[in-house]
Amino acid sequence: MTGQVRTVDGRVAGRRGQATRQKLLDCLGDMLSSSPYRDVKVIDVARKAGTSPATFYQYFPDVEGAVLEIAEQMAAEGAELTRLLEGRSWVGKAGWQTSQELVDGFMEFWRKNDAILRVVDLGAAEGDKRFYKIRMKILNSVNNSLTDTVKELQAKGKVDKDISPAAMAGSIVAMLAAVASHQRGFQTWGVKQAELKPNLATLVHLGVTGKKPAK
């Protein structure tokens, strides 16, 4: 946790207060893994954290406010996904490696944050601009990097000029997000994780380069 942490009434929280606040967020995050978002009550979060509802309200206006805080923390972490593309090559076997690592990173991020991402997706789908902005913050980090990648490959004559970099990058990112959020569902179709990743990486490579990967 960086920077000053303030209570709802504007006071700067001390070290102990910061620890309590983070414990409340951690407990809420755990509860979202097993309970529907709207079923989670302040009293239950406070009880799980070993404190009182009054203490909860010192740091958050309500459960939704705390959920948004967790989502913002997650979005900051998600912005780091762009590092999977920084300075990476898409030529030859190196391109195949880049595709695989992008898929691995995306899938792992979704697995780690599955509970809060489901809440973010729900809020965004319902038109809540706060959740929509958080979702786009996560996806834009990869989308912008992929757009630049396609542009660079076009400039070098390695990708068809008729391809729209932004449209291609957006399609790839939307595909990654959809597949990552549906990982458990693939099992019901008889698709194993070991089969899913390389096939998804192949699609990513094809989309970015227009070519089959060199394995």
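Values as computed for the structure displayed
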{"item": "Output for segment 80-119, where each listed residue is under 30 Å from R47 (Cβ atoms) and outside any helix (DSSP H, G or I)", "result": "N113"}
{"item": "Residue, surrounded by the fewest Cβ atoms within 10 Å (Cβ to Cβ), within segment 43-71, restricted to residues that are touching a residue at least 40 places away in the same chain (Cβ under 8 Å) and of a type in the set (A, V, I, L, M, F, W, C)", "result": "I70"}
{"item": "Among (1) over 12 Å from the mean Cα position of the chain (by Cα); (2) touching a residue at least 24 places away in the same chain (Cβ under 8 Å); (3) closer than 30 Å to D30 by Cβ, the one test that G123 misses", "result": "(2)"}
{"item": "Flag if A76 is in the same structural domain as A124 (by TED's automatic domain parsing), within 24 Å of W110 (Cβ to Cβ) and not hydroxyl-bearing (S, T, Y)", "result": "yes"}
{"item": "Conditions (1) modelled with pLDDT of 90 or more; (2) crowded, with 16+ Cβ neighbours inside 10 Å; number of the one not met by G17", "result": "(1)"}
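The values are calculated or read from the model by the stated rules, or taken from the named source; none is laboratory data. Everything numeric here is computed off the predicted structure, so don't read it as measured data. Note that we place each Cβ from the backbone using ideal geometry, even for glycine, and neighbour counts take in every protein chain shown.
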